[in-house]
1. Hey, any idea what the orientation-averaged projected area of the convex hull of segment 2-148's Cα atoms comes to, in nm²?
2. Straight distance only, please: which lysines reach the Cα of residue 10 with their own Cα at less than 20 Å, same-chain residues fewer than 8 apart left out?
3. Would you mind checking the tilt of helix 126-138 against the longest principal axis of the Cα atoms of the chain, expressed as 0 to 90 degrees and rounded to 10?
4. If packing is taken as the mean number of other Cβ atoms within 10 Å per residue, what is the order of 29-38, 113-122, highest first?
5. Can you give the local net charge around residue 149? Use residues other than it whose beta-carbon is closer than 11 angstrom to its beta-carbon, Lys and Arg +1, Asp and Glu -1.
6. If one takes the longest principal axis of the Cα atoms in the chain, at what angle in degrees, from 0 to 90 and to the nearest 10, does the Cα axis of helix 18-28 lie?
7. When DSSP beta bridges are limited to those with both residues in segment 2-148, what percentage is antiparallel, rounded to the nearest 5?
8. Please compute the length gained on full extension between residue 60 and residue 2, using 0.36 nm multiplied by the number of residues separating them and subtracting their Cα-Cα distance.
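Each value in this text was obtained by applying a stated rule to the coordinates, not by laboratory testing. Values in this document were obtained by computation on a predicted structure and should not be read as measured data. Because the Cβ atoms are built from the backbone with ideal geometry, glycine has one as well, and the counts that use them run over all protein chains shown.
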Amino acid sequence: MQVLQAGEHKYLLLELDQEIIFSILKQAGFEFKLHETPKTIVLELTAAERKAPLLLFDASDPGNLGWFSRCQFYVDGSTGRVLQTPLALANMRDRSDRVLPRSIRVQIAKELPAGFRLPGKQPVTEQMIYAVLYNFANALMQVGVGVCGGSVVKPLAGRTESIGVRN
């Protein structure tokens, strides 16, 4: 990890090891593609062996209350940001624009403000980012991740359709 100072702004530059990321994702049961830019790592994750959708659910739906009480991560449905982490999430779609239930795209920011803190006010290190990624990948497969509001990120599990009149 490096610290970059640009005028009055300080940034942490993470130096993430691709081999460790590969190992984490394999342990969680994902197939993946990785694209790296100077500021981010973008992962396309697919749980091909999984029969059920990934556990990404609408946290505001009362029918999903059991999932909401167990989840460890929450996604801002308007921006895709995973709250209190350097991760962002997006749905993956097929050619006819349908959401793929066993695939998502995760972006890891490699450049963070110096004051950025993880849950519990823990300072950011590469090892902490690996731990967050490991826990997030396992949550998608076993525990559940809640989508809070917005319409950018679509839930994949639980009650995903809205209640109302159907034509």
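1. Numbers: hull surface 39.5 nm².
Dividing the Cα hull surface by four gives the mean projection, 9.9 nm².
2. 39, 110, 121
3. Once rounded, one gets 10 degrees.
4. On the way: 29-38: 13.7, 113-122: 11.3.
My ranking of the peptides, most packed first, is 29-38, 113-122.
5. Numbers: positive: none; negative: 58, 76.
The answer is -2.
6. Relative to the chain, helix 18-28 is tipped by roughly 30 degrees.
7. On the way: 31 of 38 bridges.
Just about 80 percent of them are antiparallel.
8. On the way: separation 58, 0.36 × 58 = 20.88 nm, distance 3.91 nm.
Contour length minus the Cα-Cα distance gives 17.0 nm.
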